[in-house]
Amino acid sequence: FQAELKTRKIALTLNERGIVITLSTDAYFRKASAELDIDMARSVLEKVAALINQPAFADKSIRIEGHTDNTPTDPDGPWVTNWNLSTSRALNVLDYLVDFGADPRKLSVVGYGEYQPISNNDTEEERSKNRRVDIIILREK
């Protein structure tokens, strides 16, 4: 993931939950959309699928978490709430991971909407940090 880390399209962290691969939704999704820009995301999702298929992670569950900033969605648009948008983004990532060979029995999805920010939402730069999809290789199955 060296190229993606250098361009800050992804981040890798280790915390109490496990290994967290954070995808910047600004880099991989169209604005205010759950549509994945597969041309941009293909190589990173192929790498993630290969990683989670490694024997070292055979007994690990993978949780895909969608997050948004606190900007309200358009109530007349396809995403009534940020929960809907975050969950749809996470589901789309799951679908591609399965397409690229990840074992679907190991995967789950959760949408947190705007309710688990990692930054405040006072500026566009801070809001962009909150718009993310986390792929977590969980410590416990």
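Numbers for the structure displayed
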item: Tilt relative to the chain, helix 38-52 - C-alpha long axis, 0 to 90 degrees, to 10; result: 40 degrees
item: Probe 1.4 Å, protein heavy atoms only - accessible area per residue of the chain in square angstrom; result: 54 Å²
item: ³J(HN,Hα), Karplus 6.51/-1.76/1.60, whole Hz, each residue of segment 107-114, x for Gly, Pro; result: 9, 9, 10, 9, x, 9, x, 8
item: Segment 81-141: GluC sites (Glu not before Pro) in DSSP coil with no more than 12 other Cβ atoms inside 10 Å; result: 140
item: Sulfur and carbon atoms: percent of accessible area, the chain [1.4 Å]; result: 52 percent
item: Lysine pairs with alpha-carbon atoms under 25 Å apart, the chain, spacing 8 or more or separate chains; result: 17
item: DSSP beta bridges in segment 48-141 [antiparallel fraction, %, rounded to 5]; result: 55 percent
item: Coarse-grained scattering of segment 95-134 at q = 0.17 Å⁻¹, given as base-10 log I(q)/I(0) from a Debye sum over alpha-carbon atoms; result: -0.59
item: The chain: most fluctuating residue of 115, 28, 96 per GNM, C-alpha cutoff 10 Å; result: 115
item: Whole-angstrom gap from segment 79-95 to segment 1-74, using each part's C-alpha centre; result: 13 Å
item: Extension gain, residue 14 back to residue 58 (0.36 nm per residue minus Cα-Cα distance, nm); result: 14.0 nm
item: Charge sum, other residues only, whose C-beta stays under 15 Å from residue 131's C-beta, Lys/Arg counted +1 and Asp/Glu -1; result: -3
item: Contour minus Cα-Cα distance for residue 2 and residue 108 (0.36 nm per residue); result: 35.5 nm
item: Extension gain from residue 43 to residue 91, taking 0.36 nm per residue of separation minus the Cα-Cα distance; result: 15.5 nm
item: Nearest-20 debye value, the chain charge dipole, Cβ charges on Lys, Arg, Asp, Glu; result: 520 debye
item: For segment 77-89, Karplus couplings with θ = phi - 60° (6.51, -1.76, 1.60), whole Hz, Gly/Pro x; result: x, x, 10, 4, 9, 5, 4, 4, 5, 5, 5, 5, 4
item: Most positive-pole-ward Cα, 119, 133, 81, against dipole of segment 71-141 from beta carbon charges; result: 133
item: Estimated [θ] at 222 nm from DSSP helical runs (n ≥ 4, -39500 (n - 2.57)) normalised by residues in the chain, nearest 500; result: -10000 deg cm²/dmol
item: At most 16 other Cβ within 10 Å, DSSP loop - trypsin sites (Lys or Arg not before Pro), segment 1-63; result: 8, 17, 30, 31
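The values are calculated or read from the model by the stated rules, or taken from the named source; none is laboratory data. This one's a predicted model, so the numbers in the text were calculated from it and none came from an experiment. With ideal geometry, Cβ positions are generated from the backbone for all residues, glycine too; neighbour counts draw on all protein chains shown. Only protein heavy atoms, including side chains, enter the accessible area calculation; ligands, DNA and RNA are left aside. Shrake-Rupley method; radii C 1.70, N 1.55, O 1.52, S 1.80 Å.
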